[in-house]
């Protein structure tokens, strides 16, 4: 087994292990944080997963970071599999080698572009949870202030 094959197999194994770890943690904590929210009650932050379950700040951050890491991991696994399959794809399209190389390149670029967009979107959404939970939201004398940003909930004051 050559060096390239060993590296690709390690990337695939680590990527699958990351995904399995994500699923196991998701089941144990009943959700993930990227689609969760932060609620501010009397100046105290409460962290909720998308399932509605309240968790600690550490679990919330871990869950969000692990959720974000799934996208680049998926890209790495797909690119490793494509690298391993490249010779077979080229051999099956002997008469159209240029076309086969173009197809492989386009697929690799689409994989990178799509997963980069999803990674950035998940990271932006997760970071927005913290930016939106500043603790404000109500003006003086009980008058309502600006609406809470998406991903945050301000508990009504009595």
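The values are calculated or read from the model by the stated rules, or taken from the named source; none is laboratory data. None of the values given here were measured: they were computed from a predicted structure. Cβ coordinates were reconstructed from backbone atoms using ideal geometry, including for glycine residues, and neighbour counts include every protein chain displayed.
Screening the candidates 33, 113, 80, 13 for the property of being in a loop (DSSP other than H, G, I, E, B) and either in contact with a helix residue (DSSP H, G or I) (Cβ under 7 Å, 6 or more places away or on another chain) or free of Cβ contacts under 8 Å to residues at least 12 places away in the same chain (or both) yields one hit, 33. Put simply, of 126, 130 the only residue that is assigned to a helix (DSSP H, G or I) and touching a strand residue (DSSP E or B) at 6+ places or on another chain (Cβ under 8 Å) is 130. The numbered conditions (1) at pLDDT below 95; (2) closer than 26 Å to residue 120 by Cβ; (3) surrounded by fewer than 16 Cβ atoms within 10 Å (Cβ to Cβ) are all true for residue 20 except (1). Being over 25 Å from the mean Cα position of the chain (by Cα) and surrounded by 14 or more Cβ atoms within 10 Å (Cβ to Cβ): is that true of residue 96 here? In short, no. The residues in segment 36-62 that are touching a helix residue (DSSP H, G or I) at 6+ places or on another chain (Cβ under 9 Å), under 18 Å from residue 125 (Cα atoms), assigned to a loop (DSSP other than H, G, I, E, B) and without any contact (Cβ under 8 Å) to a residue 60 or more places away in the chain can be counted, and the count is 2.
Determine whether residue 29 is at pLDDT 95 or above, over 18 Å from residue 115 (Cα atoms) and surrounded by 15 or more Cβ atoms within 10 Å (Cβ to Cβ). When the stated conditions are applied, residue 29 passes them.
Condition check for residue 101 on (1) modelled with pLDDT under 90; (2) at negative phi; (3) surrounded by 15 or more Cβ atoms within 10 Å (Cβ to Cβ): one failure, at (3).
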